[in-house]
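Below is one structure, written out as C-alpha cells, with a few remarks after it.
The values are calculated or read from the model by the stated rules, or taken from the named source; none is laboratory data. Nothing here was measured: the structure is a model prediction, and the numbers come from that model. Please note: Cβ atoms are built from the backbone with ideal geometry, for glycine as well, and neighbour counts cover all protein chains shown. Accessible surface is based on the protein model in full, side chains and every heavy atom, while ligands, DNA and RNA are left aside. Shrake-Rupley method; radii C 1.70, N 1.55, O 1.52, S 1.80 Å.
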Amino acid sequence: LIKKIEELGIIIDMEKLNQLCPDGIVVGEDIAEVVIPDIRNHNHPLIQPYLENGSRSDNPFVNFYWDICSQGKPAYVKMEFMSLQDAMQIIHSAGGICVVAHPGNNFKGKDDILKEILAMDVQGLEVYSSYHSPEQITYYKQLASDYSKICTVGSDFHGKTKPNIQMGSTSPIDADNVINSFKSILK
C-alpha cells in the first residue's frame, strides 16, 4: 500500500507513519493522516481535495482511503478475508451477536446479497445509521422485521478519521423498537 501510494507521487514521511503506527499495522487512513498535512504534498492534485475547504475535506482520512486505496482505486491492494461463516462462528463462540452494519452503504442496493446474509445465522441489522436516509431506515426496519432480526443503531463514529460524525449522533426515531428488539434476543 505504501509503495503504491508513493508511486502516485505522494510523499510519505515514514518516521511520522512509524510513530503513528508503532505496531506496524498501517491502513489507508493512517497514511492519509501523515500525507495530507505534509506541505510537500499540498500541490499534488490527488491531495488537494482533502485539504481544508477541499471537495473531500469533510472526512479527509476516510475519503482518502475510499478514493485512493479501496477496490478499483489506484493504490488498492488485494486482501484475503475470512469467510462470513468463519467470522460468524468466531463472533458466536465469543458470546457475541452478528449484526449486518450499515447495509445502505455496504450493499448499495444489492439487496439479493443482503437477503442471503439475513437468511443466515445473523441476529441483527443496523437500521439506524448515519449513512441511511429516512426512506432507507423505513426499508431496513421492515426488512429486519421480515427476517426476525433485531434493529440496531450506529453512528459509525471513528474518532479523528471521521471528524464530522459524533459518537451517539444517530438515534432511532422509535427507540422503544430498538430496545424491544434487544430484549427479545437477550431472553
Check your understanding: Could you give the dipole magnitude of the stretch 1-82 about its Cα centre, charging the beta-carbon of Lys and Arg +1 and that of Asp and Glu -1, in debye to the nearest 20?
Key -> 280
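Using only C-alpha positions, report the orientation-averaged shadow area of the convex hull of the stretch 42-86, nm², one decimal. Write out the running numbers ahead of the final one.
Numbers: hull surface 16.8 nm².
The number I arrive at for the stretch 42-86 is 4.2 nm².
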Check your understanding: In whole Å, how far is the Cα centre of the stretch 1-77 from that of the stretch 80-148?
Key -> 30
Review point. Put +1 on the Cβ of every Lys and Arg and -1 on every Asp and Glu Cβ in the stretch 62-150; which of GLY109, ILE97, LEU125 then has its Cα farthest towards the positive end of the dipole?
Key: GLY109
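Measure up LYS73/LYS149; LYS108/LYS149; LYS4/LYS108 against 25 Å on the Cα-Cα distance and list the ones that go over.
Values: LYS73/LYS149 34 Å; LYS108/LYS149 20 Å; LYS4/LYS108 27 Å.
Long pairs (Cα-Cα over 25 Å): LYS73/LYS149; LYS4/LYS108.
Given Cα positions, please report Rg to Rh for the stretch 87-157, the hydrodynamic radius being the Kirkwood one. Intermediate results must be reported in sequence, preceding the final value.
Values: Rg = 11.6 Å, Rh = 12.2 Å.
My calculation of the ratio gives 0.95.
Per residue, what volume in Å³ does the convex hull of the Cα atoms of the stretch 15-109 enclose?
Values: hull volume 14.8 nm³, N = 95.
Cα-based convex hull of the stretch 15-109, divided per residue, equals 156 Å³.
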Point to revise | Separation of the ASP112 and LYS78 label points, Cα + 7 Å toward Cβ, nm | key: 2.4
Point to revise | Rounded accessible area of LYS3 (nearest 10 Å², 1.4 Å probe) | key: 140
Revision key, fill the gap. The set of residues whose placed amide H lies less than 5 Å from the amide H of VAL127, leaving out same-chain residues fewer than 5 positions away, is THR152
**Study point:** Heavy-atom SASA rank of SER70, SER145 (probe 1.4 Å, accessible area, largest first)
**Key:** SER145, SER70
**Study point:** Exposure ranking of PHE64, PHE107, PHE81 by accessible area [1.4 Å probe, largest first]
**Key:** PHE81, PHE107, PHE64
Review point. Using the Karplus equation 6.51 cos²θ - 1.76 cosθ + 1.60 (θ = phi - 60°), what ³J(HN,Hα) coupling, rounded to whole Hz, does each residue of the stretch 35-46 give in order, writing x for Gly and Pro?
Key: 7, 5, x, 5, 4, 5, 9, 5, 8, 6, x, 6
